[in-house]
Amino acid sequence: MAQKKNQLFSSYKVLLLSGKILFMIVLAVLVTACGVYSFTGASIPPGAKTISVQYFPNKASLVEPTLSSIFTNALRDKFTSQTNLRMVEKNGDLALEGEITDYKTTPVAIQADQTSALNRLTITVNVRFTNKLEPKKDFESQFSQFVDYPSTQNLSEVKDDLLKQIVEDLADNIFNKSVVNW
């Protein structure tokens, strides 16, 4: 009787171990068949190892001197912190390039006395994305973000905080369109 219990227990352990192995195999096949996924939702094509993000020159009619470097660095940081891709100077498996096309402030909330209660800082960038491994995912798009601020504040007083917020939102949107395929 004890021998049958031992055989039954051994059979159960083998079956349990087989199920775990099968689960791991299925999981490995799914992950490699569908690309490489990260916890951020990024779907990097299998074989992609590098990314290049070119300097985004400021071609807006109103030029903020530090915007090009702030934006370019934020975009590079986004891709290196959210993926396992290695940043290269040129010809990455994935590549981003473009230019800042607009930087403007406009009144948005006009009051009864014809003065503005709020102003809006808007930044627009044109982005070209190239995916050497999956060329169907290449695109060229305009991305635009804005932040409103009280007209009682001078733009020079709040500019750094506004730029940080807008640039972060732009980098998120570009990252999502480039490598998040929801």
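The values are calculated or read from the model by the stated rules, or taken from the named source; none is laboratory data. Just so it is clear, the structure is predicted and the values come from calculations on it, not from any experiment. Please note: Cβ atoms are built from the backbone with ideal geometry, for glycine as well, and neighbour counts cover all protein chains shown.
Annotations for the structure displayed:
- Criterion (part of a helix (DSSP H, G or I) and in contact (Cβ under 8 Å) with a residue 40 or more places away in the chain) met by exactly one of I123, I70: I70
- Leading residue by the ranking (farthest from D138 (Cα to Cα)) among those in region 65-96 that are among the hydroxyl-bearing types (S, T, Y) and buried (at least 17 other Cβ atoms within 10 Å of the Cβ): S68
- Residue in region 148-166 that is under 26 Å from T50 (Cβ atoms) and in the same structural domain as G92 (by TED's automatic domain parsing) present: no
- Residues of region 73-118 that are assigned to a helix (DSSP H, G or I) and not acidic (D, E): N73, A74, L75, R76, K78, F79, T80, S81, Q82.
- Restricting attention to region 137-168, the residues that are among the small types (G, A, S) and modelled with pLDDT under 95 add up to 2.
- Comparison of Q111, Q142 shows that the only residue that is under 21 Å from A74 (Cα atoms) and surrounded by fewer than 19 Cβ atoms within 10 Å (Cβ to Cβ) is Q142.
- L62 passes every criterion in (1) more than 17 Å from the chain's Cα centre (by Cα); (2) surrounded by 15 or more Cβ atoms within 10 Å (Cβ to Cβ) apart from (2).
- Test: residue in region 131-138 that is out of contact with any Leu (no Cβ under 9 Å at 6 or more places or on another chain), surrounded by fewer than 14 Cβ atoms within 10 Å (Cβ to Cβ), part of a helix (DSSP H, G or I) and not hydroxyl-bearing (S, T, Y): yes
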